[in-house]
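After the structure tokens below, expect a handful of questions from me.
The values are calculated or read from the model by the stated rules, or taken from the named source; none is laboratory data. Because the structure is predicted, anything quoted here is derived from the model rather than measured. Because the Cβ atoms are built from the backbone with ideal geometry, glycine has one as well, and the counts that use them run over all protein chains shown.
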Amino acid sequence: MKPLRCGLIGVAVATCFAVSSRQPALAAPPEKVALTGARVIPVAGPEIDGATILIERGKITAVGADVKVPFDAMEVDCSGKVIMPGLIEPQSWRGLDIANESLPVAPFLDVGDAMDPSRLYFEDALRDGITTIHVIQGHNTVIAGMSRVVRPIGLTPDEMTLDLHTAIKMSASPRNGYDRMQQMATFRETFRELEEYIDTIAEKKYEDELEKDKKKVDVGPSEAAKRGRDKLLDADYDDAHLNLMRLKRGDFDAWIYVGAPMDVAPAVALATEQGFIDHTILLLGDETFKAIGELKKAGRPVVLPEDLFYRERDPITGEISETFIPAKVHEAGLMFALQPNPNSSMAERYLTYQAALCVRNGIPRQTALEAITLNPATMLGMGDRLGSIEPGKIANLVIYSGDPLDFGSWVEQVYIDGIMAYDRNDDPRLAEILRLEDVQRKAEQAKKEAEEAAKAKEAEQAQPKQEPAGEPGAEPSPAEGGGDSPAEGGRERRRRGDGQ
Amino acid sequence: MNLPRTAGFSISTLQYLARLLAAAALCVGFWNGAARAADDVLVIRGVSIHGRFDGGEDIARGTVIIRNGRIAAVGDMNLAAPGDATVIEVEGGSITPGLIDAHALLEPTDRITDEARNGRPRQPLPVPSPDVLARLAAAGHDHHEEDAKVDPLAAPELTWVQPDNMVDGESCCDGSECALASSHEAMGEGNVCPVCGQVIMSGMDRLRYASGLAPRSSLVESSSEVVPHTYVVDSINFRSPDFDRLVRGGVTTVFAAPDSAAVIGPRGAVVRTAGPIKGRVMQDSGDVLASFGSDSFRFGGGNQSPFGTYVTNRTRRPNSRMGVAWVFRKAFYDAEKHAAGQPVTGADQPPVEAFESLSAIRGGQTPLRIKARLQRDIETAYRLAEEFGLKFTLVEATEAYKCMPAITAHDAPVIFGPIYVDPTGVRAFSEETRESLLSTIKMLVDAGLQPAITAMDLREEDGLARQAMYAMRAGLTFDEALKAVTLTPAKMLGVADEVGSIEVGKRGDVVVWNGEPFGATSRPVAVVMDGKVVYDAR
């Protein structure tokens, strides 16, 4: 069991590495793409009007108003549009077939095993401009398994994966059937047992090595355990303990759910005691903001609850009070990330609207934009690869029809790794969702009629020369061709994935 | 002695003159003062002005002067304002007319939060019927009979069981203890479990009871299916926090609609959302609301039962769409008979008082609105209205997109809404609300129907201003969306000469936004009603 498991992880790691660095598994993206003419919101700097973004092999290589388009680049005219970095959903279990664990302590699990790429959720995410999703287990756990960072495209979990073993999920709030005492006792027991286990294998390791070297010196079990610790390799650990050890070592972060104000202090104490407080992200529940003092003292980044307003009726006066959670967190100077609210009837399902809500309630626009791009990227430890439009970053871009914080704007196109992964004009399901056919058909017909009328007029005027009049119909115009080929890339990418 | 006399004379003469002058001056001063005291002027400056539907263009940066509660002048920044006026100046802001909800359902949120939190409805819940008790007795549970009659409200903790979804964290009697767990469903809704004393209800009924919606709602009369002689205005709680919520969202005038539990329901009222209570009612006898669809038998239940006990789906009439249509038809035929002096016969007779109102509806003196969500209900509405030659306003019309030809063929005005992708709140429990479509509003507008948009029971992030924002996402222009929540509903409610646009002479109802109206990043920062600032969050 053990070698098999490690082997699997190894393969997965290798795949992940391969996927993220060279992407051989996917269709080769166009060598060079230049998106020109759009207003660019780089998030990492001031907004640029009429800017060009140059993408080479899936990475952004240049951004600016005065970037020259190389002769061999495919130019995509985006004038009138607004481009912003791909949005990042900081936590989601909607892509898993079963969101929660039956095991209270299961650090050896990997969400990749439960991910269902065919979920409509991923398609919706792409449609809403989300290019990166942190797939993590739900809150109904004590110590859950490992999360992954994925793109909402691809046909297998591994194909979708951008980063493997991103974080380990924990919950300081009691899981179903537990109370808080049991929850905390389980934490303590788990970490105590971990130390015990490490001592045992360390002692054995020390003794084994000495025996091998034929220099057996009996130092007693505790000294042997101490000396043996330095000699331990990752392969010496079993599945149940490896990830916890790696967490304590700082290989990845702990994402701890603190569902109630009273859960913050124990969670911070646990993380401090076990030495991973510097690698901790806190996931807030609806009223956790009430422990803002403790959150501020901990100073760790937080993921805000889905509903950004907290409304409460005073049990005595009956008055309803309303708190806008991001304002509290921003005031405390904490880094925060927003998530879409799937329980909303419409607007709050969009990350951009959640950011707009922040702006409406007095948070600076820049901070609000960071909360859906750069902040979650940083929390995921990928701030150097994702979350802004800067040279060197992965070319995950969303092209909006207008300002992203304006609810009237639509996601026109989404680029992932420099490839067009979504095109609104090529989204039959959106047309179906909106029943836009009638509206669109009418608009298209009117347009066609107008064009035909113009053409007829043109032909009438240019009657002596008959040849050019037939040409535009026979061949697509260059603009159309340019717009089409990235879409082709996106489709091809899916098709190739199918073959594997 | 002379001197004083002379002096006295002269002084008195002077005094007299002085007094005269003083009096005159005082008089003038008094009148000036009186004029000033009466002239209550509010000036809103530096904002872009939208919603001048009298033909005036939007102004990018202008001034609105409201004098004595009425709009006195609209112009650019050069418009002179009296020096002592109250001034609201919001740079980069904008103003629109006060929003008007053509079909607001008041207070559902309060009822939910209030009663769901307190854990018990205000009205007593039904006790099991004798036949259910008999069945239980037959099943060997007769020893529980006495316990089962316990008034649930007397129980220390009232909880609910969902018969069709026991695992939803609310299992009755903790599973094993209750031998009857599996028979809960058989016992029917509204019964009290004889073992645990909990009330058995489906999720929807649970919400219904928790929310106090019909029949426990104060906004519908359910002693009969036909109650057009009752008035919602008699039920409105003008101190409800719901009005504060509406004002915060920029809504200044609403049609207080009845709940949809009666087939031919009460008459709504047009009310103001703030101001002195005395002046809050603009129109006390508004449209009668008829409801087609399942609401009257899903939300109903307070109607008389033929067995004289509590009411279930089985004992109450009507309990199908056929029954609803029958009640509707019979009401009008009965009114006809009554008018002709013939005796009214059969079951489910409308109260005699209703006949006058029904005749008035038929004659067109009392306006009618019909709430229908599903395609078939909308089509039934047209069919029945045609049958009786009724003019009506179509309300909600969730599935309008499925029957656009029928809607365009009739020129009934449409009050559409709310707009949503997935139903939330009360709507989440109705099976009639699943197939909502963002672009329906666009189709209605494109068909030239000039619909009004309503948020109904939704507030805050789904309130009327956000509904307008959704409509713009669906493709409406700003002006179309604005009109659908201001002038169009004002016209439908018959108050367009008072409210609904920023025009000289209309009531001074203005919403000041801190950005583009209906923008995702902007909100009302001040709401002015009749020239008075009723909400200020600047």
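Go through B:ASP422, B:ASP462 for me and flag whichever is within 7 Å of chain A (Cβ to nearest Cβ), under 19 Å from B:THR521 (Cα atoms) and without any contact (Cβ under 8 Å) to a residue 60 or more places away in the chain. Steps first, answer last, please.
Working: B:ASP422 fails: under 19 Å from B:THR521 (Cα atoms).
After applying the criteria, what remains is B:ASP462.
For residues that are of a type in the set (Gly, Ala, Ser) and farther than 15 Å from B:ARG329 by Cα, scanning just region B:362-395, find the one that is surrounded by the fewest Cβ atoms within 10 Å (Cβ to Cβ). I'd like the intermediate steps shown before the answer.
At the first step, the residues of region B:362-395 found to be of a type in the set (Gly, Ala, Ser) are B:363-364, B:372, B:381, B:385, B:389.
Now drop any that are not farther than 15 Å from B:ARG329 by Cα, which leaves B:363-364, B:372.
Values: B:GLY363: 9, B:GLY364: 11, B:ALA372: 27.
Among residues in region B:362-395 that are of a type in the set (Gly, Ala, Ser) and farther than 15 Å from B:ARG329 by Cα, the one surrounded by the fewest Cβ atoms within 10 Å (Cβ to Cβ) is B:GLY363.
Taking interchain pairs and intrachain pairs at least six residues apart, which have beta carbon atoms under 7 angstrom, with the first residue in region A:175-200 and more than 15 Å from A:ILE143 (Cα to Cα) and polar (S, T, N, Q) and the second modelled with pLDDT under 95 and assigned to a helix (DSSP H, G or I)?
If the second residue must be modelled with pLDDT under 95 and assigned to a helix (DSSP H, G or I), no pairs are left.
Further, regarding this structure: Provide a single number: the residues in region B:42-99 that are farther than 22 Å from B:VAL485 by Cα and either touching a Pro at 6+ places or on another chain (Cβ under 9 Å) or assigned by TED's automatic domain parsing to the domain that holds B:PHE243 (or both). Steps first, answer last, please.
Here is the first cut: in region B:42-99, the ones farther than 22 Å from B:VAL485 by Cα are B:42-43, B:45-46, B:61-63, B:65, B:67-68, B:72-73, B:75-92.
Subsequent filtering for residues that are either touching a Pro at 6+ places or on another chain (Cβ under 9 Å) or assigned by TED's automatic domain parsing to the domain that holds B:PHE243 (or both) retains B:43, B:65, B:67.
Final tally of qualifying residues: 3.
Could you check region A:348-360 and list, in sequence order, the residues that are more than 7 Å from chain B (Cβ to nearest Cβ), among the aliphatic types (A, V, I, L, M) and touching a helix residue (DSSP H, G or I) at 6+ places or on another chain (Cβ under 7 Å)?
Correct list: A:ALA355 only.
Identify the single condition in (1) modelled with pLDDT of 90 or more; (2) more than 24 Å from B:LEU368 (Cβ to Cβ); (3) of a type in the set (Gly, Ala, Ser) that B:ALA339 does not satisfy, given that it satisfies every other one.
With respect to (1) modelled with pLDDT of 90 or more; (2) more than 24 Å from B:LEU368 (Cβ to Cβ); (3) of a type in the set (Gly, Ala, Ser), B:ALA339 is out only on (2).
When you go through A:LEU103, A:LEU109, A:LEU120 one by one, which is the residue that is of a type outside the set (Lys, Arg) and in contact with a strand residue (DSSP E or B) (Cβ under 6 Å, 6 or more places away or on another chain)?
Values: A:LEU103 fails: in contact with a strand residue (DSSP E or B) (Cβ under 6 Å, 6 or more places away or on another chain); A:LEU120 fails: in contact with a strand residue (DSSP E or B) (Cβ under 6 Å, 6 or more places away or on another chain).
One residue alone meets the criteria, A:LEU109.
Could you list, in sequence order, all residues of region B:434-448 that are more than 10 Å from chain A (Cβ to nearest Cβ) and surrounded by 20 or more Cβ atoms within 10 Å (Cβ to Cβ)?
Result: B:ILE441, B:LEU444, B:VAL445.
Could you run through region A:280-301 and say how many residues are in a helix (DSSP H, G or I) and touching a helix residue (DSSP H, G or I) at 6+ places or on another chain (Cβ under 7 Å)? I'd like the intermediate steps shown before the answer.
Filtering region A:280-301 down to residues in a helix (DSSP H, G or I) leaves A:288-298.
Subset that is touching a helix residue (DSSP H, G or I) at 6+ places or on another chain (Cβ under 7 Å): A:288-292, A:294-295, A:298.
Number satisfying all stated conditions: 8.
Yes or no: A:ASP384 surrounded by fewer than 23 Cβ atoms within 10 Å (Cβ to Cβ), touching a residue at least 12 places away in the same chain (Cβ under 8 Å), over 24 Å from B:GLY515 (Cβ atoms) and not assigned by TED's automatic domain parsing to the domain that holds A:SER92?
Numbers: surrounded by fewer than 23 Cβ atoms within 10 Å (Cβ to Cβ): yes; touching a residue at least 12 places away in the same chain (Cβ under 8 Å): no; over 24 Å from B:GLY515 (Cβ atoms): yes; not assigned by TED's automatic domain parsing to the domain that holds A:SER92: yes.
Against the criterion (surrounded by fewer than 23 Cβ atoms within 10 Å (Cβ to Cβ), touching a residue at least 12 places away in the same chain (Cβ under 8 Å), over 24 Å from B:GLY515 (Cβ atoms) and not assigned by TED's automatic domain parsing to the domain that holds A:SER92), A:ASP384 does not qualify.
A further question on this structure: Answer yes or no: is there a residue in region A:339-347 that is more than 14 Å from chain B (Cβ to nearest Cβ), within 18 Å of A:ARG127 (Cα to Cα) and in a loop (DSSP other than H, G, I, E, B).
So in region A:339-347, the residues more than 14 Å from chain B (Cβ to nearest Cβ) come out as A:339.
This time we only want the ones that are within 18 Å of A:ARG127 (Cα to Cα), so: A:339.
Subset that is in a loop (DSSP other than H, G, I, E, B): A:339.
Yes, region A:339-347 contains a residue that is more than 14 Å from chain B (Cβ to nearest Cβ), within 18 Å of A:ARG127 (Cα to Cα) and in a loop (DSSP other than H, G, I, E, B).
Every residue, every condition in (1) farther than 19 Å from A:HIS279 by Cα; (2) surrounded by 24 or more Cβ atoms within 10 Å (Cβ to Cβ), yes or no:
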| site | (1), (2) |
| --- | --- |
| A:SER102 | yes, no |
| A:PHE108 | no, no |
| A:LEU155 | yes, no |
| A:GLU159 | yes, no |
| A:ILE168 | no, yes |
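Table: residues versus (1) under 19 Å from the mean Cα position of the chain (by Cα); (2) buried (at least 24 other Cβ atoms within 10 Å of the Cβ); (3) within 14 Å of chain A (Cβ to nearest Cβ).
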{"position": "B:VAL485", "(1), (2), (3)": "yes, yes, no"}
{"position": "B:ALA490", "(1), (2), (3)": "yes, yes, no"}
{"position": "B:VAL504", "(1), (2), (3)": "no, no, no"}
{"position": "B:PHE518", "(1), (2), (3)": "no, yes, yes"}
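Then there is this: Checking A:THR272 against (1) of a type outside the set (Asp, Glu); (2) within 14 Å of chain B (Cβ to nearest Cβ); (3) surrounded by fewer than 18 Cβ atoms within 10 Å (Cβ to Cβ), which test does it fail?
Going through (1) of a type outside the set (Asp, Glu); (2) within 14 Å of chain B (Cβ to nearest Cβ); (3) surrounded by fewer than 18 Cβ atoms within 10 Å (Cβ to Cβ) one by one, A:THR272 breaks only (2).
Would you mind stating whether B:MET472 is more than 24 Å from B:VAL254 (Cα to Cα), surrounded by fewer than 24 Cβ atoms within 10 Å (Cβ to Cβ) and within 11 Å of another protein chain (Cβ to nearest Cβ)?
Numbers: more than 24 Å from B:VAL254 (Cα to Cα): no; surrounded by fewer than 24 Cβ atoms within 10 Å (Cβ to Cβ): yes; within 11 Å of another protein chain (Cβ to nearest Cβ): yes.
No: the conditions fail for B:MET472.
Show me the strands (runs of 3 or more DSSP E) entirely contained within region B:66-112 in which 1 or more residues are of a type in the set (D, E, K, R) and either touching a strand residue (DSSP E or B) at 6+ places or on another chain (Cβ under 7 Å) or modelled with pLDDT of 90 or more (or both).
Working: elements: B:70-76, B:86-89, B:94-97, B:99-104.
Of the strands (runs of 3 or more DSSP E) lying wholly inside region B:66-112, those with at least 1 residues that are of a type in the set (D, E, K, R) and either touching a strand residue (DSSP E or B) at 6+ places or on another chain (Cβ under 7 Å) or modelled with pLDDT of 90 or more (or both) span B:70-76, B:86-89, B:99-104.
Let me ask something else about it. Report yes if B:THR398 is within 14 Å of chain A (Cβ to nearest Cβ), crowded, with 21+ Cβ neighbours inside 10 Å and under 27 Å from B:TYR231 (Cα atoms), otherwise no. Before you say what the answer is, go through the steps one by one.
Details: within 14 Å of chain A (Cβ to nearest Cβ): yes; crowded, with 21+ Cβ neighbours inside 10 Å: yes; under 27 Å from B:TYR231 (Cα atoms): yes.
When the stated conditions are applied, B:THR398 passes them.
Please list, ordered by first then second residue, the pairs with beta carbon atoms under 6 Å, 6 or more apart or interchain, first in region B:511-538 and at negative phi, second aromatic (Phe, Trp, Tyr) and buried (at least 18 other Cβ atoms within 10 Å of the Cβ).
Note: pairs meeting the criteria are B:ALA520/A:TYR353; B:ALA520/A:PHE407; B:SER522/B:TRP513; B:PRO524/B:TRP513; B:VAL527/B:TYR535.
Ok, one more. Pairs, please: C-beta under 9 Å, at least 6 apart or cross-chain, first residue under 17 Å from B:ALA290 (Cβ atoms) and in region B:209-230, second of a type in the set (Phe, Trp, Tyr) and at pLDDT 65 or above?
B:GLU225/B:PHE328; B:VAL226/B:PHE328; B:HIS229/B:PHE355
Okay, moving on. Scan region A:371-429 residue by residue and report those that are among the basic types (Lys, Arg) and either within 14 Å of another protein chain (Cβ to nearest Cβ) or more than 30 Å from A:LYS169 (Cα to Cα) (or both).
Restricting attention to region A:371-429, the residues satisfying the condition of being among the basic types (Lys, Arg) are A:385, A:393, A:424, A:429.
Those that are among the basic types (Lys, Arg) and either within 14 Å of another protein chain (Cβ to nearest Cβ) or more than 30 Å from A:LYS169 (Cα to Cα) (or both): A:ARG424, A:ARG429.
Also, I was wondering about something else. Any residue at all in region A:174-184 that is in contact with a Phe, Trp or Tyr (Cβ under 8 Å, 6 or more places away or on another chain), in a helix (DSSP H, G or I) and either within 30 Å of A:PHE122 (Cβ to Cβ) or outside the structural domain of A:ASP128 (by TED's automatic domain parsing) (or both)? Full working, then the answer.
Filtering region A:174-184 for residues in contact with a Phe, Trp or Tyr (Cβ under 8 Å, 6 or more places away or on another chain) gives none.
Checked region A:174-184: no residue is in contact with a Phe, Trp or Tyr (Cβ under 8 Å, 6 or more places away or on another chain), in a helix (DSSP H, G or I) and either within 30 Å of A:PHE122 (Cβ to Cβ) or outside the structural domain of A:ASP128 (by TED's automatic domain parsing) (or both).
Taking the conditions exactly as written (more than 10 Å from chain A (Cβ to nearest Cβ), assigned to a loop (DSSP other than H, G, I, E, B) and at pLDDT 90 or above), does B:ALA455 satisfy them or not?
Details: more than 10 Å from chain A (Cβ to nearest Cβ): yes; assigned to a loop (DSSP other than H, G, I, E, B): yes; at pLDDT 90 or above: yes.
Answer is yes for this residue.
Now for a separate question. Return the residues of region A:202-250 that are under 24 Å from A:GLN274 (Cα atoms) and aromatic (Phe, Trp, Tyr); say none if nothing qualifies.
Of everything in region A:202-250, just one residue is under 24 Å from A:GLN274 (Cα atoms) and aromatic (Phe, Trp, Tyr), namely A:TYR237.
OK, next. If you take the residues of region A:29-45 that are under 18 Å from A:ARG365 (Cβ atoms), at pLDDT 95 or above and not aliphatic (A, V, I, L, M), which of them is surrounded by the most Cβ atoms within 10 Å (Cβ to Cβ)?
Among them, the one singled out is A:PRO42.
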